[in-house]
Amino acid sequence: MSVDYYFKNRLSKNSKELQQIMDKPWLADHIKNGHGPLCAAYPQEYTSEGDTPSFMPLIRNGLEQHTDYTLGGWGGRPEYKNGNHMQDGNDLKNGVPDSHYTFQRWLPAIQNDWAARADWCVADEYSKANHQPVARILGESVRTVRPGEKIILDASPSFDPDKNSLSYQWWQYREAGSVQTKVAIKHADEKRAEQIVPDNPGKQLHLILELTDNGTPNLKSYKRVILNVNWTSCMNFHPYCHVVLNRPTLLPSAPAPIPGTV
């Protein structure tokens, strides 16, 4: 339930701030009114989509969730339970496991992205709408590393197609990896950050670059860096599917096209 009392009079698990960007006034202002016939045809009065886990990973935002839904991203972070059955995992919200937070942590970025796409529907020039920044890094997206090694995280190739200013945030996606201890990232809010590999041989660490522009609305793109600690010593290594601890890892993919150009 995205908003209190809208579905069978039940309370929502979302905060009041999140409910506001999913409620009727927001949807009317940013999507349904003044954004052309396609947006006007949206049938619901408030945001409450049931197919989020299936569709959202297909949006090329840099999290690469379309390659493996269990990586986590805008479609939540499903886990395999009882064979091929998938259900929501638990992401840590203030240190407490919460299956709702697997979606809630991304909702402001998702809603802004949707609003920008609605603006594209009526903009008669490229410059009259905002477009997602392009997150890029120096070095590989998947790296074999050693405990104690200093890792350079460099997002200097990133850019914004609208020439907007960019802000950078590097953070550990703990739930997506098998390194569960919190690691320190030096200069986490700068273009170039550093991280010392923890002493967790055979484990996997996911680091996320979150790139935000200052356009209207603010838009985000991401880049995921996967560190396989002591990769070559892992007994479960498979040279073809790159399995560590029986978990497929993300392989580098071709850069996504600049948003709004295709």
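The values are calculated or read from the model by the stated rules, or taken from the named source; none is laboratory data. Here the structure is a predicted model, which is why all the values come from computation and not from measurement. No Cβ is skipped: glycine too gets one built from the backbone with ideal geometry, and neighbour counts run over all protein chains shown.
Computed quantities for the displayed model
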{"quantity": "Filtered residues of the stretch 113-147 (kept if assigned to a helix (DSSP H, G or I) and in contact with a Gly (Cβ under 7 Å, 6 or more places away or on another chain))", "calculated": "120, 126"}
{"quantity": "Subset tally (residues that are of a type in the set (D, E, K, R) and under 21 Å from residue 212 (Cα atoms)) for the stretch 90-128", "calculated": "5"}
{"quantity": "Test set (1) touching a Lys or Arg at 6+ places or on another chain (Cβ under 9 Å); (2) under 24 Å from residue 134 (Cβ atoms) - residue 60 fails condition number", "calculated": "(1)"}
{"quantity": "Single residue of 111, 65 found to be under 10 Å from the mean Cα position of the chain (by Cα) and at pLDDT 90 or above", "calculated": "65"}
{"quantity": "Failed item in (1) free of Cβ contacts under 8 Å to residues at least 60 places away in the same chain; (2) closer than 27 Å to residue 60 by Cβ; (3) of a type in the set (S, T, N, Q); (4) surrounded by fewer than 17 Cβ atoms within 10 Å (Cβ to Cβ), with residue 216 passing the rest", "calculated": "(1)"}
{"quantity": "Enumeration of residues in the stretch 166-184 that are closer than 15 Å to residue 148 by Cα and surrounded by 14 or more Cβ atoms within 10 Å (Cβ to Cβ)", "calculated": "179, 183"}
{"quantity": "Test: residue in the stretch 185-199 that is in contact (Cβ under 8 Å) with a residue 40 or more places away in the chain, part of a loop (DSSP other than H, G, I, E, B), surrounded by 16 or more Cβ atoms within 10 Å (Cβ to Cβ) and among the small types (Gly, Ala, Ser)", "calculated": "no"}
{"quantity": "Options 51, 68, 23, 91: the member that is within 30 Å of residue 134 (Cβ to Cβ) and out of contact with any strand residue (DSSP E or B) (no Cβ under 8 Å at 6 or more places or on another chain)", "calculated": "51"}
{"quantity": "Residues within the stretch 83-112 that are assigned to a strand (DSSP E or B) and in contact with a Pro (Cβ under 8 Å, 6 or more places away or on another chain), tallied", "calculated": "4"}
{"quantity": "Options 161, 57; residue that is surrounded by 14 or more Cβ atoms within 10 Å (Cβ to Cβ), touching a residue at least 12 places away in the same chain (Cβ under 8 Å), touching a Ser or Thr at 6+ places or on another chain (Cβ under 8 Å) and not in a strand (DSSP E or B)", "calculated": "161"}
{"quantity": "Residue satisfying condition, being at pLDDT 95 or above, over 30 Å from residue 35 (Cα atoms), out of contact with any strand residue (DSSP E or B) (no Cβ under 6 Å at 6 or more places or on another chain) and of a type outside the set (Ser, Thr, Tyr), within set 136, 117", "calculated": "136"}
